[in-house]
Amino acid sequence: MNARRACALIALSTVAAAVLVASPAATSASAVSASDAIGPDAIGPDAIGPVTFSDEFTGAAGSPPDSAKWRHDIGGSGWGNNELQYYTNRTDNVAHDGAGNMVITARRNNPAGYGCWYGTCQYTSGKLTTAATFTQTYGRLEARMTLPRGQGMWPAFWMLGSNIGQVGWPASGEIDIMENIGREPSRVHGSLHGPGYSGCCPLSGSYTLPGGQQFADAFHTFTVSWEPGVVTWYVDGIQYSRHVRADAGTNPWPFDHPFFMIMNLAVGGNWPGSPDASTVFPQRLLIDYVRVNAYTSGGSTGQITGLAGKCVDVRGANTANGTVVQLYTCNGTAAQRWTIGTDGTIRALGKCLDVNGGSTADGAKVQLWDCNGTGAQRWVYTTGRDLVNPQANKCLDVTGNNSADGTPLQIWTCHGGANQKWTIPT
């Protein structure tokens, strides 16, 4: 397929963190039909951890998105692709339908005199992002959607690296889980964008529904399995594309750090082209759910128990970087569900057990942090039931040998005491 887009950056996001955002990818190297797909293959269970984010969109009809999960991008800058819509935060563009769906509606209207890059805006629509509310490194991300139809429609479910405000695009990386353009009603695309493969020729693939079916006719699930060094795409559980680090050649692979999610419905632009006389408005993107699972890195998953039979626990089940990891009465929650990875990591809630600042000093606190592959996040479990951080050559330790709920964990010179003995899942 020869579809191309002029990849550029460039709009200022209106989320609280105000980051620059790039537009979704818009090209496919090859088409894969259902009969040619790599296989009707469920995602391997070894990579699927606990749910870290979900929205089932059960709000009342006409109610806005949950602001604890989603924020609006607003504006009519063209978003790097000469798109024609103005993204609003109005509920006539983005709202629950009362039937278990979030609906992003593109309209041929301009209710508030919006200005776009080409003059007075002709269209409005919506764009939701988790840049200020949720990020994660690796995992399984899935949405169940019914897509709009018509020339010029461009729905997308995609991700950007959360460091885009610091390093720019494409250095931040972009993972497109699903894109569709209206003139291809039976085909969707999945792509990676990074330095050296950001424009005309990203690492990509596409999937075509069999038998003339169209994505606007029914709900379908769009899934990415994102692991260290590999990204795999699925439609309705069928794997249709897979790219590994080596596919980037000598170019960087900027997919080993936190990303945030985006859902939007664009109108027009360089890739889909403009609406024409055949395009009927309004058009709707219906989202039944969005669900994210942590990446488990293989290994075993369960509780880590220690002093007084209590559990290693993420304080408040908070996924923010720097959240205290503590001792707490075992309660079976996700905050106490740890995966002992074959890569030396210990993970919960989509993040890693980490020594604060990579310190090697006695008393350095242990915390939850974005997985980054550093020595501060490597652990070895010994036959003596110690959890050792090799970088510091020190043991995971309950501060002050105190078994009270809420006692923070630290690293300390290994001494064989009960406050350094752990039982891990097997």
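Residues that are assigned to a strand (DSSP E or B) and small (G, A, S) were ranked within segment 186-214; the one that is farthest from V235 (Cα to Cα) is G194.
Restricting to segment 216-236, give me the number of residues that are under 18 Å from the mean Cα position of the chain (by Cα) and of a type outside the set (S, T, N, Q).
So the answer is 11.
Exactly one residue among I238, I175 is hydrophobic (A, V, I, L, M, F, W, C) and modelled with pLDDT of 95 or more, and that residue is I175. Taking segment 210-238 as the range and being in contact (Cβ under 8 Å) with a residue 60 or more places away in the chain and in contact with a helix residue (DSSP H, G or I) (Cβ under 7 Å, 6 or more places away or on another chain) as the test, the residues that pass are P210, S225, E227, I238.
Table: residues versus (1) surrounded by 14 or more Cβ atoms within 10 Å (Cβ to Cβ); (2) touching a residue at least 40 places away in the same chain (Cβ under 8 Å); (3) within 28 Å of I48 (Cβ to Cβ).
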| position | (1), (2), (3) |
| --- | --- |
| A335 | yes, no, yes |
| T342 | no, yes, yes |
| K351 | yes, yes, yes |
| G357 | no, no, no |
| K365 | yes, yes, no |
| L387 | yes, yes, yes |
| N393 | no, no, no |
| G400 | no, no, no |
| P408 | yes, yes, no |
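Selection of segment 339-370 for residues being of a type in the set (A, V, I, L, M, F, W, C) and more than 22 Å from N393 (Cβ to Cβ) yields A348, L349, L368.
On inspection, G316 qualifies as loosely packed, with under 15 Cβ neighbours inside 10 Å and without any contact (Cβ under 8 Å) to a residue 40 or more places away in the chain. Scanning segment 45-77 for residues that are at pLDDT below 50 and loosely packed, with under 13 Cβ neighbours inside 10 Å yields a count of 1.
Would you check if there is a residue in segment 107-124 being under 30 Å from Y295 (Cβ atoms) and not small (G, A, S)? Within segment 107-124, not a single residue is under 30 Å from Y295 (Cβ atoms) and not small (G, A, S). Meeting the requirement of 1 or more residues that are more than 21 Å from N180 (Cα to Cα) and touching a Lys or Arg at 6+ places or on another chain (Cβ under 6 Å), the strands (runs of 3 or more DSSP E) wholly within segment 257-319 are 283-293.
Suppose we keep only residues that are β-branched (V, I, T) and closer than 14 Å to T52 by Cβ within segment 294-333. Which one would you say is modelled with the lowest pLDDT? In this case the residue turns out to be T296. Of all residues assigned to segment 101-110, at least one qualifies as being more than 20 Å from M263 (Cα to Cα) and over 24 Å from the mean Cα position of the chain (by Cα). Reported count of residues in segment 191-227, each being buried (at least 16 other Cβ atoms within 10 Å of the Cβ) and at pLDDT below 90, is 3. For segment 265-280, a residue qualifies if it is closer than 16 Å to H193 by Cβ and of a type outside the set (A, V, I, L, M, F, W, C), and the qualifying residues are G269, N270.
Take L353 and decide whether it is closer than 21 Å to H257 by Cβ, in a strand (DSSP E or B) and in contact with a helix residue (DSSP H, G or I) (Cβ under 9 Å, 6 or more places away or on another chain). Judged against the criteria, L353 is a match. Of all positions in segment 244-253, at least one carries a residue that is outside the structural domain of N401 (by TED's automatic domain parsing), surrounded by fewer than 19 Cβ atoms within 10 Å (Cβ to Cβ) and in a strand (DSSP E or B). A308 meets all of the listed conditions (1) among the aliphatic types (A, V, I, L, M); (2) under 29 Å from G229 (Cα atoms); (3) surrounded by fewer than 21 Cβ atoms within 10 Å (Cβ to Cβ) but one, namely (2). The sole residue among W117, W154 that is touching a strand residue (DSSP E or B) at 6+ places or on another chain (Cβ under 7 Å), of a type in the set (F, W, Y) and in contact (Cβ under 8 Å) with a residue 24 or more places away in the chain is W154.
The values are calculated or read from the model by the stated rules, or taken from the named source; none is laboratory data. This one's a predicted model, so the numbers in the text were calculated from it and none came from an experiment. Ideal geometry is used to build each Cβ from the backbone, glycine not excepted, and the neighbour counts take in all protein chains shown.
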